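Novice: If you scroll down you'll find the structure; I have some questions about it.
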Amino acid sequence: VRAATTAKADVIAVTVALPRKDTELTKAVAEARKAGAVVVAAATPEPPSRGSADEIPTRTYWPAGEPGVLAVADMLPSGARPDGALSTGDVDLAAPGAGVVSGGPRGKGHYLGGGVAVATAYAAGAA
């Protein structure tokens, strides 16, 4: 985030979501916003692997929970959240997160992806 702020990025995408607030990340996000950048962040992390016994409660994730950060969730073409998607009350925007097609590395081939990180990148690109 700091490198993007120093480079005078207009939009900064953060595709990871942390379960607890981090002091340095909070400061970096505040600096980015003060510099005029739009910070777009994943509202939740990717869900645990299928078959995992991990039960993850509904909560706020960071940096999406910071004031002024655009928190993005992934959605299916139907407009619903994917099965197993983690819950949070802090979603500002839903973006395509399944079956997203993009150009491949160095313009060769194509990429088919999904998940909250892809949705966050999609929203940041639109910003």
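The values are calculated or read from the model by the stated rules, or taken from the named source; none is laboratory data. Predicted, not measured: the structure shown is a model, and the values here were computed from it. Because the Cβ atoms are built from the backbone with ideal geometry, glycine has one as well, and the counts that use them run over all protein chains shown.
Novice: Under the condition of being modelled with pLDDT of 85 or more, assigned to a loop (DSSP other than H, G, I, E, B) and touching a Ser or Thr at 6+ places or on another chain (Cβ under 8 Å), which residue from the range 48-86 is surrounded by the fewest Cβ atoms within 10 Å (Cβ to Cβ)?
Specialist: Only one residue tops the list, namely 60.
Novice: Which of (1) surrounded by fewer than 20 Cβ atoms within 10 Å (Cβ to Cβ); (2) among the small types (Gly, Ala, Ser); (3) at pLDDT 90 or above is the odd one out, the single condition residue 124 does not satisfy?
Specialist: Condition not satisfied by residue 124: (1).
Novice: Let me ask another. Please specify each residue of the range 4-19 satisfying the condition of being within 20 Å of residue 90 (Cα to Cα) and either more than 15 Å from the chain's Cα centre (by Cα) or assigned to a strand (DSSP E or B) (or both).
Specialist: Matches in the range 4-19: 11, 12, 13, 14, 18.
Novice: Could I ask something else about it? One residue is enough: does the range 69-76 have a residue meeting the conditions among the hydrophobic types (A, V, I, L, M, F, W, C), touching a Lys or Arg at 6+ places or on another chain (Cβ under 7 Å) and closer than 15 Å to residue 44 by Cβ?
Specialist: yes
Novice: Taking only pairs six or more apart or across chains, which ones have beta-carbon atoms under 7 Å, a first residue in the range 75-94 that is over 17 Å from residue 121 (Cβ atoms), and a second residue that is among the basic types (Lys, Arg) and surrounded by fewer than 11 Cβ atoms within 10 Å (Cβ to Cβ)?
Specialist: Going by the 7 Å Cβ cut-off, there are no qualifying pairs.
Novice: Return yes when residue 20 is loosely packed, with under 12 Cβ neighbours inside 10 Å, touching a residue at least 24 places away in the same chain (Cβ under 8 Å), closer than 28 Å to residue 6 by Cβ and of a type outside the set (A, V, I, L, M, F, W, C) and no when it is not. Explain how you work it out, then say what you get.
Specialist: Details: loosely packed, with under 12 Cβ neighbours inside 10 Å: yes; touching a residue at least 24 places away in the same chain (Cβ under 8 Å): yes; closer than 28 Å to residue 6 by Cβ: yes; of a type outside the set (A, V, I, L, M, F, W, C): yes.
So residue 20 passes the test.
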